[in-house]
Every structure is written in structure tokens, then in C-alpha cells.
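Visitor: Below you will find the structure I want to go over with you.
Only the coordinates and a few stated rules stand behind these numbers; no lab work does. This is a predicted model, so every value here is computed, not measured. Cβ placement follows ideal geometry from the backbone for every residue including glycine, while neighbour counts extend to all protein chains displayed.
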Amino acid sequence: MTKYDVDLFVIGGGSGGVRASRIAAGHGAKVALAEERYLGGTCVNVGCVPKKLLVYASHYSEHFEDAAGFGWTVGEQHFNWAALIANKNKEIARLNGIYRKLLEDAGVEIFTARALLLDAHTVEAAGRRIGAETILVAIGGWPVMPSIPGVEHAISSNEAFFLKALPARVAVVGGGYIACEFAGIFNGLGSRVTQLYRGPLFLRGFDTDVRAHLADEMRKKRIDLRFNAEIARIEKTGSTLHATLTTGDAIDVDCVMFATGRAPHTSGAGLDAAGVELDRHGAVVVDDYSRTSVPNIYAVGDVTNRINLTPVAIAEGHAFADTVFGKMPVKPDHVNVPHAVFSHPE
Ligand code: NDP
């Protein structure tokens, strides 16, 4: 044991932070973890897991349509958004509990609080100051909203998971993973969907044939895809949102969802007090072993903006713990990482 209270203090209870905590504790380290919002982070709470449940739900409309051709008689169908969201919330609560149990069973002390770095070896959480030999920053990312007039009437994917009702008309802005996935979700569940993307063809960086094929298929499913188009401003009248587009057109919808990227969630964590270097996008700069510019502070996951995927954060967290506490230097491998977009079709 060192002169510090703990060997490792982990800030952030998402995929990377939880994996790192458990593995470090398994190597014999005394570990504490602070999470102010929800255990499991973006993936479990407002990302992969609930998204996939909504994707499953959204496929049923097509399955019902196809069923007769395969000899099935399906009765009259009704979709209940509130029931879907309630069941989704129940499943997420179950997973939150599993994450807590995994940490507790590993002997990790959990602070349900925001943690602030006071210096390179001191963290403040829940009114306590904790000295840590090593600190891991795993505080993730957060949706970026554009600065346009009326943006306060719009939501990000964070809020989409908790909408009180399924909007009858939705505008989804963006051409990345989240926009393509939510366009399919809302459309499959019965909303009229307009997806707007600023460039000529969405999913920039993916195979061109696949992108064009997906656009054709989404149009066949009656999604109104508008490329080279963005929302310039939003005005609210009653419950209707009037969105004026950069093309000069306008659309009336009940919900505007921006999926225009996510940024490292670094503000207010005290990274400057500890002297941790950020890049021009606000991401924590790390070396091949996830070490920051401060030798005893490491960072993994979306906050480092390398490849922002759950399995990557898990691999980075695991490699960090093996390197620092397991005497097994491991560099997380960022080559040939597969990506999947759960659009319709995937
Ligand atoms: P992406 O980076 O995938 O896409 C952002 C989209 O928004 C792009 O189409 C981009 O356009 C556009 N955009 C960016 N800024 C603006 C702006 N100011 N005005 C208009 N359009 C803009 O981000 P997402 O939000 O979709 O997802 C965030 C991250 O979450 C992903 O990068 C991914 O790592 C992760 N994720 C992974 C999933 C999966 O594995 N299935 C699912 C969901 C999220 P352009 O292309 O022109 O830059």
C-alpha cells in the first residue's frame, strides 16, 4: 500500500471505467470509482443497449406485414410507445444493478457523485478528498447540438429514449450512426420521418455502394431523405415545430432530433487543475498505453476520442489495468475494428 488512500481512482462508471476497475482490483489494487449519473455509461443507458431494444421493436411492423406471405394470420396490431419505454427502463435498471454488483463483488468502492480532480493525485467526490496513486479518466462523451435559432426546441438522442409519446412527425438531423439508426426506429414504429444530412450522401467514410443502397432502401420504406440540407432555424407554434431548411424549404414536425456528433465530456472535471493536456477537439491526449500528459493519470473511452465504440473502451480499460496493475504492458489495438450501423436494413 502506498501513502495514498487508494491505488486507483476511476472517474466515470461507463464501459471503460468499469472494466478497468474490475481488472485492476483483480490484480490486487485498492480501487474507488465515481459515477454521478448512471452505472454502465452511455452504452447501457442512452446508447447501444436501449437503441438495440428500440431497433428490435421497430422491425415488428415489417414482420407483421410479411407474415401473411409466410402463412401466418396476425390480428390487428397496436403499438404502445409508453409500454416499450417502460420495459426498456426496467431492463436498463436491471443492467445498472448488474454493473453495481460486478463492482461491489470486485471490492471497488463506489461514489455516486461527481468527481473533481483537484491536482494530479487528489480527487474530490461526495464531500470527501481522496488521494490516489493512479487516476483513470473515463468520463465519456456528450451530444453536440448546433447553435441555430430555436435549437432549445430540439432534442438529442439522450432525450429520444425518454419521450413521453411517439412523435407523429420527426425530423432527424445528421448522417452518422445515430441519425440513420433513429430514422429507422421512428419510421418502423410509425412516425413520418424526414432525415436531413448536410452532404450529398450520408454515412461518410463507409463504402459508397452500401451508402447508396441504404439510401434507396430507406426511401422505399417511405423515409423522406433530404441530402445537402440542414435546418437553419426552428419556430414553435403550439406543439408544432416549424423548421426552415437551408434549401429554402420548410417542414412542420412534432420533434426535431439532432444527431450531429458527440464530443468528449471534459468540462468541469478539473482536468486543467491536474495539468492534463487536451487536443483541439477537447479530447484527452493519450499515448499508446492510454497515459495522459500527466504520468500518473490515464484516460480511456470516448473522452480520448480514438474509436468511440463500447468494445474499444472496454479493451482500452482492460489494457490499462493489465499494464499498470498487472505488470503486463498491453497496447489496445485500434487496427481493423469492425463497425456496424443498425439502420434498416443494418
Ligand atoms: P457521427 O460522427 O457518426 O455522425 C455525425 C453526423 O452529423 C455526420 O453525418 C456529420 O456530417 C453530421 N454533422 C456533424 N456536425 C454537423 C453540423 N454542425 N451540422 C450538420 N451536420 C453535422 O455521430 P453520431 O452522433 O451519429 O454518433 C456519435 C458516435 O457514437 C459515433 O461516432 C459512434 O462512434 C458512436 N455510435 C456507434 C453506434 C454503433 O456502433 N452502431 C451507434 C451510435 C453511435 P459529416 O459526415 O458531413 O461530417
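Visitor: In terms of the Cα gyration tensor, with a ≥ b ≥ c the square roots of its eigenvalues, is the stretch 1-82 rounded because a/c is under 1.5, prolate because a/b exceeds b/c, or oblate?
Guide: It comes out prolate by the Cα gyration axes.
Visitor: Taking the chain as the reference, fit the longest principal axis to its C-alpha atoms, fit the long axis of helix 208-220 to the helix C-alpha atoms, and give the angle between the two in degrees, 0 to 90, nearest 10.
Guide: 50 degrees
Visitor: Ranked highest first by average number of other Cβ atoms within 10 Å, how do 23-36, 191-204, 235-248 line up?
Guide: 23-36, 191-204, 235-248
Visitor: For the chain, with only Lys/Arg (+1) and Asp/Glu (-1) charged at the beta-carbon, what is the dipole magnitude about the Cα centre, in debye rounded to 20?
Guide: 340 debye
Visitor: Moving on to the next point. Principal axis extents for the stretch 206-346, Cα atoms only, whole Å, descending order, please.
Guide: Rounded to whole Å, the extents work out to 59, 37, 23 Å.
Visitor: Here's another thing I want to ask about it. Report, as a whole number in µm² per second, the diffusion coefficient that Stokes-Einstein gives for the stretch 111-177 at 37 °C and 0.692 mPa s using the Kirkwood radius over alpha carbon pairs.
Guide: Here the translational diffusion coefficient equals 206 µm²/s.
Visitor: How fast does the chain diffuse by Stokes-Einstein, in µm²/s, taking the Kirkwood radius from C-alpha pairs at 25 °C and 0.890 mPa s?
Guide: Rounded, D is 113 µm²/s.
Visitor: What is the packing order of peptides 284-294, 137-147, 6-16, taking the mean over residues of other C-beta atoms within 10 Å and listing the highest first?
Guide: 6-16, 137-147, 284-294
Visitor: Count charges around S290 for me, please; just the other residues with Cβ under 15 Å from its Cβ, Lys/Arg as +1, Asp/Glu as -1.
Guide: -4
Visitor: A further question on this structure: Which chymotrypsin sites (Phe, Trp or Tyr not before Pro) does the stretch 57-116 hold that lie in a coil by DSSP with at most 11 other beta carbons within 10 Å?
Guide: Counting only loop positions with at most 11 other Cβ atoms within 10 Å, the chymotrypsin sites (Phe, Trp or Tyr not before Pro) in the stretch 57-116 are W72.
Visitor: How much net charge surrounds V74 when only the other residues with a Cβ under 14 Å from the Cβ of V74 are counted, with Lys and Arg +1 and Asp and Glu -1?
Guide: -4
Visitor: Given the options A321, A179, A232, state which has the largest fluctuation in a GNM of the chain using a 10 Å cut-off (strictly under) for Cα springs.
Guide: Comparing A321, A179, A232 in the GNM, the peak value goes to A232.
Visitor: Now a separate question. Among P264, V337, G317, which residue has its Cα furthest toward the positive end of the charge dipole of the stretch 243-346, with +1 on Lys/Arg Cβ and -1 on Asp/Glu Cβ?
Guide: So the residue furthest toward the plus end is G317.
Visitor: Another question, if that's okay. Grab the DSSP H runs of the chain that are 4 residues or longer, score each as -39,500 (n - 2.57), total them, divide by all residues and round the 222 nm result to the nearest 500 deg cm²/dmol.
Guide: Result for the chain, helices only: -10500 deg cm²/dmol.
Visitor: Could you tell me the relative contact order of the chain? Use alpha-carbon pairs under 8 Å, at least six residues apart, and round to a whole percent.
Guide: It comes to 22 percent, rounded to a whole number.
Visitor: Rg over Rh of the stretch 158-261, using C-alpha atoms and the Kirkwood radius, what does it come to?
Guide: 0.95
Visitor: May I ask you to give the average projected area over all directions of the convex hull of the Cα atoms of the stretch 286-325, in nm² rounded to one decimal?
Guide: Orientation-averaged projected area of the Cα hull: 2.5 nm².
Visitor: Here is a follow-up. Angle between the Cα long axis of helix 15-26 and the longest principal axis of the chain, 0 to 90 degrees, nearest 10?
Guide: 30 degrees
Visitor: Please report how far the C-alpha centroid of the stretch 305-346 lies from that of the stretch 111-163, rounded to the nearest whole angstrom.
Guide: Measuring centre to centre over Cα atoms gives 21 Å.
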